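Submitted below is the structure of interest, expressed as structure tokens.
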Amino acid sequence: MSPLEIGILVGVATILVLGAGVPIAFGLGLVSIGFLVAFEGTDALSLLAETFFAGIAEFSLVSIPMFILMGAAVAGSPAGRDLYAALDRWLWRLPGGLIIANIGACGIFAALSGSSPATCAAIGKMGIPEMRSRGVPDELATGAIAAGGTLGILIPPSITMIVYGIATETSIGRLFLAGILPGLMLTSLFMAWSLYLSWRRGWSFGARERGYGWREKFEVLPRVLPFLAIVVGVLYVLYGGIATPSEAAGVGAALCLLLVVVVYRITDPRHLWAILRDSTRESVMIMLIIAASALFSYMLSSLFITQAVAETIASLDVNRWVLMGIINLFLLVAGFFLPPVAVIVMTAPILLPIITQAGFDPYWFAVIFTINMEIGLITPPVGLNLYVINSITPDVPLPVVLRGALPFMLMMVLGMVLLALFPQIATWLPDQLMGPARFG
């Protein structure tokens with residue numbers, strides 16, 4: 001069999017195994033071992049343990065559990081509620097201001113947590129019942145939070161950007177910078193759509209008879225601003241050359257835990273233990289996926305599937321934008337079935353030389369890659385954010401949530417078009433602060 005034919009078999013087998021409900025890390029490991037033994041014999045097993053361990057034997061990976069702990073500390077406190085309350089008090093006059101406040105809270109919380117499911121859960125538990133109580137249609141209330149939660153993997157500090165940087169050996173600091181303006185752009189597009197739709201249909205959503213006074217607007221800020229200061233501080237020490245991503249993540253996690261104790265008086269050891277337990281569980285899950293993906297990548301390379309796919313794509317006699325369209329379609333489909341971390345670790349090393357050879361900036365491509373993964377988070381069958389929202393509002397059918405998220409998916413597509421037309425949206429800030437990137 002040719003490598004491409006084996007690759008098709010691998011793809012079908014992976015979809016069937018993961019579709020059967022096998023955990024992703026175990027499913028990838030099972031497929032990898034099965035194909036290695038089938039085509040290379042049992043001798044291939046001698047390198048499995050070393051390859052599996054090498055997948056997570058990176059010092060940069062230390063930043064992942066630290067950033068997850070940082071997000072878990074914030075998610076385990078009423079910070080999401082306070083973010084929502086603060087924005088609601090400042091934006092209540094706008095048409096659809098309640099929806100815009102929720103999207104804004106998602107964007108800010110995304111910067112604190114770096115996790116899409118955590119953002120959906122923290123803001124959705126407070127925001128969705130409030131929106132529904134004021135007359136916001138179920139599909140818009142749930143769709144806005146599902147889409148807003150995806151910002152957690154784009155706005156830094158982003159776990160997926162860290163994984164992309166490690167998989168492609170690119171600068172994590174530059175990747176974080178590349179995600180800032182596109183993240184703000186997507187947040188603005190989501191808000192603009194909500195504002196337009198509310199104005200167009202004349203929705204007031206049970207607006208308050210009496211507005212918020214200045215005292216009410218400012219009284220919640222002391223509980224929110226310290227957490228935002230931590231994000232600014234983490235980014236400053238990263239880009240100021242003061243600390244590595246791992247060091248900055250460790251300090252950020254420690255400060256977030258301290259603020260949770262000081263600002264919200266969360267001193268119960270059981271509550272603190274729950275934060276540590278949840279962050280450890282998520283960290284181990286991501287690490288296992290990364291290690292299993294490394295094994296999967298080794299299998300693809302060992303059977304020459306990676307090289308065959310890369311050569312096939314590179315040999316396509318098409319315009320480079322047509323090539324980018326094909327790659328985007330591939331990433332979109334992959335995002336339907338696999339979580340962002342798995343897709344990045346398995347495909348980014350294959351795609352990076354192809355896109356750089358075609359003349360695309362790898363940091364710009366990282367943003368495009370991430371937006372494709374964002375769309376995957378709100379599309380079935382995996383669609384993690386959809387299921388988080390459905391668990392918050394079990395009385396709202398999943399198709400209703402999906403229908404509400406669809407316009408926001410189109411905003412993401414529009415965002416990718418704008419990035420294609422104006423790549424400086426992603427590259428200008430890192431070039432200004434860190435100098436032009438060197439690649440090729």
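Of all residues in the stretch 288-299, how many are within 18 Å of Ile8 (Cα to Cα) and touching a Pro at 6+ places or on another chain (Cβ under 9 Å)?
Final tally of qualifying residues: 1.
Somewhere in the stretch 328-348, is a residue closer than 20 Å to Leu186 by Cα, in contact (Cβ under 8 Å) with a residue 60 or more places away in the chain and under 19 Å from the mean Cα position of the chain (by Cα)?
Yes, the stretch 328-348 has at least one match.
So, one more: So which pairs qualify, if the first residue must be in the stretch 220-235 and within 14 Å of Arg89 (Cβ to Cβ) and of a type in the set (D, E, K, R), the second must be assigned to a helix (DSSP H, G or I) and modelled with pLDDT of 75 or more, the Cβ gap must be under 9 Å, and the two must be at least 6 apart or on different chains?
As it stands, the answer is Arg223/Asp82; Arg223/Ala86; Arg223/Val263; Arg223/Tyr264, since those pairs meet every condition given.
Confirm whether Leu421 is within 26 Å of Gly143 (Cα to Cα), out of contact with any Asp or Glu (no Cβ under 9 Å at 6 or more places or on another chain) and not polar (S, T, N, Q). Explain how you work it out, then say what you get.
Working: within 26 Å of Gly143 (Cα to Cα): no; out of contact with any Asp or Glu (no Cβ under 9 Å at 6 or more places or on another chain): yes; not polar (S, T, N, Q): yes.
Considered against the rule, which asks whether it is within 26 Å of Gly143 (Cα to Cα), out of contact with any Asp or Glu (no Cβ under 9 Å at 6 or more places or on another chain) and not polar (S, T, N, Q), Leu421 comes out as no.
Could I ask something else about it? I'm trying to understand the selection: among the residues of the stretch 303-333, which are under 16 Å from Pro349 (Cβ atoms), modelled with pLDDT of 80 or more and in a helix (DSSP H, G or I)?
Of everything in the stretch 303-333, those that are under 16 Å from Pro349 (Cβ atoms), modelled with pLDDT of 80 or more and in a helix (DSSP H, G or I) turn out to be Ile327, Phe330, Leu331.
Looking at Phe360, Phe369 in this structure, which one is assigned to a loop (DSSP other than H, G, I, E, B) and either in contact with a strand residue (DSSP E or B) (Cβ under 9 Å, 6 or more places away or on another chain) or surrounded by 19 or more Cβ atoms within 10 Å (Cβ to Cβ) (or both)? It would help to see each step written out before you state the result.
On the way: Phe369 fails: assigned to a loop (DSSP other than H, G, I, E, B).
Answer to the selection: Phe360.
Residue pairs, Cβ under 7 Å, 6 or more apart or interchain, first in the stretch 30-53 and more than 20 Å from Glu5 (Cβ to Cβ) and assigned to a helix (DSSP H, G or I), second at pLDDT below 85 and hydroxyl-bearing (Ser, Thr, Tyr). List them.
Close Cβ pairs (under 7 Å, with a partner that is at pLDDT below 85 and hydroxyl-bearing (Ser, Thr, Tyr)) amount to Thr51/Tyr298.
The values are calculated or read from the model by the stated rules, or taken from the named source; none is laboratory data. Note that the structure is predicted; figures quoted are calculated from it, not measured. Positions of Cβ are generated from backbone atoms using ideal geometry, with glycine treated the same way; all protein chains shown enter the neighbour counts.
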